[in-house]
Amino acid sequence: MPSDKFPNIKTKKATKKIAMVGMYGGMQREYNPGCFMVGQKTKKELQKRIPDAKIDVFSIDNKKVGQGIDREKMRDLELNFFGREEQLKLLNEKLSQYDAIVLGGDIIWGGDDVVADNDIFFVNSPQFLQSSKPIVLFNCVHTFYDDKQIEKQKKKFANAVSRAVYTSVRTKAIQKRLEDIGITGIEYVPDPVLDVDMNDFPREKLFLPTERDKPILGISIRDRLSKDLLDAMQELPLDDFDIVVFPYSRQYKNLETLRKIQERFGNKFKYFDQYLDPVQSYQFIGELDIFLNDTYHGVVASIVHGKPFISLDIETEVTSRKQQLLEAVGVDEKYNVRLLYDNPDNVSTLHNTIPDLIRQPLVYSPNTIQQIQAQIKNHYDKMAQHIIESAHI
């Protein structure tokens, strides 16, 4: 029987019940744009393929204190937030009542130094691992565990994949990493957001002038790189651009960087000093002529709009997410500038690379993007088929 610990989750009797479980509201309910867009995209695609399904969306809030569910609606996506303390109780007592559980679309398999692993994303419950229903599908997930670290976590990964009827990851490097420790049957699928059609979202307003004397260079960089960025900007040849600084994501404290730039440079640049909702953040990027950014999904947003970008990449692995992303979409890796936190060489690296990159904006191969989007559509076809067949829907 369903637990009464979660009384405000309504699961009306339905022929098909699907639970989507991820970090769709961000790691700590800060509504990181990329996390939200993954959730929005996945629900839309599954609903399109299984129109009479009832799909509930659950999102962990790693800072949530207390029991039960907090329900919030962002745009047309209703999110049921749960805390770390109750994640396995939710899995065993509530989610087990569904026909299918679709997990993730983001970095749910941890391995970083921000948030400890969440057991729910590995379905790491003896009770649940021993059951056969509901079916489990992993949706283009990612991990920061490297070759050495992942070996120690092999049993947890193996249990999760063996319990699933379908597992997909969003980089070839992670697919190979899992295969190297004996976990096979993993599909590689590019990030689902690469197939988002921004015309699906209503446009409430334009943020930037459509008539412009100079191209607009947008800048949104995490606070932890702000000192390096400010020192580099003193010398960069930016006079051919109108510079707009804006905060893309709360997760990386972009507004703090904006305030530091404004304090140093004053009215030399323009500032949009408020956080937007996830869709508006993507729409803002679509109004830029070129984007200087250091987030993975900030780059994805540029690709979705077909806009040039310069990526600052602080991931230490050679096979970083952004390096893999550029390779997938056929963009020269020189547009992914590799930095390290607290590295005295960062400023000279920016001086030596950015001037050429803003003078020679990247171009995309339409055929490559179309192939990626077809691959993503095929991915959702497979997921829906698994749900239909395995859950006898």
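The values are calculated or read from the model by the stated rules, or taken from the named source; none is laboratory data. Only a predicted model underlies this, so the values are computations on that prediction, with no experimental measurement involved. Neighbour counts run over all protein chains shown; Cβ positions are idealised from the backbone, glycine included.
If I filter segment 22-57 down to residues being at pLDDT 95 or above and of a type in the set (A, V, I, L, M), which single residue comes out as nearest to residue 302 (Cα to Cα)?
Result: 37.
Quick test of your reading of the structure: residue 352 fulfils all but one of (1) in contact (Cβ under 8 Å) with a residue 40 or more places away in the chain; (2) under 23 Å from residue 299 (Cα atoms). Name the failing condition by number.
Among (1) in contact (Cβ under 8 Å) with a residue 40 or more places away in the chain; (2) under 23 Å from residue 299 (Cα atoms), residue 352 violates only (1).
Does segment 166-188 hold any residues that are under 20 Å from the mean Cα position of the chain (by Cα) and of a type in the set (A, V, I, L, M), and which are they?
Selection gives 169, 173, 174, 186.
Consider segment 70-88. How many of its residues are farther than 30 Å from residue 200 by Cβ and buried (at least 17 other Cβ atoms within 10 Å of the Cβ)?
Counting residues in segment 70-88 that are farther than 30 Å from residue 200 by Cβ and buried (at least 17 other Cβ atoms within 10 Å of the Cβ) gives 5.
Picking from 219, 261, which residue would you name as being surrounded by 16 or more Cβ atoms within 10 Å (Cβ to Cβ), in contact (Cβ under 8 Å) with a residue 24 or more places away in the chain, assigned to a helix (DSSP H, G or I) and of a type in the set (Val, Ile, Thr)?
Step by step, each of 219, 261 is checked, and only 261 is surrounded by 16 or more Cβ atoms within 10 Å (Cβ to Cβ), in contact (Cβ under 8 Å) with a residue 24 or more places away in the chain, assigned to a helix (DSSP H, G or I) and of a type in the set (Val, Ile, Thr).
Just one of the numbered conditions (1) in contact with a strand residue (DSSP E or B) (Cβ under 7 Å, 6 or more places away or on another chain); (2) modelled with pLDDT under 95 is not true of residue 66; which one?
(1)
Can we say residue 54 is in contact with a Gly (Cβ under 7 Å, 6 or more places away or on another chain), surrounded by fewer than 20 Cβ atoms within 10 Å (Cβ to Cβ), touching a residue at least 24 places away in the same chain (Cβ under 8 Å) and over 20 Å from residue 157 (Cα atoms)?
no
Just to be sure I understand the filter: pairs with C-beta atoms under 7 Å, separated by 6 or more residues or on different chains, first member in segment 62-86 and over 20 Å from residue 46 (Cβ atoms), second member among the β-branched types (Val, Ile, Thr) and assigned to a loop (DSSP other than H, G, I, E, B). Which pairs pass?
62/115; 69/9; 81/69; 82/69; 83/65
Those residues that are free of Cβ contacts under 8 Å to residues at least 12 places away in the same chain and under 17 Å from residue 172 (Cα atoms), I need them from segment 321-347; list them, please.
If the condition is that a residue be free of Cβ contacts under 8 Å to residues at least 12 places away in the same chain and under 17 Å from residue 172 (Cα atoms), then 327, 333 are the ones that fit.
In segment 211-238, how many are modelled with pLDDT of 95 or more and among the polar types (S, T, N, Q)?
Number satisfying all stated conditions: 2.
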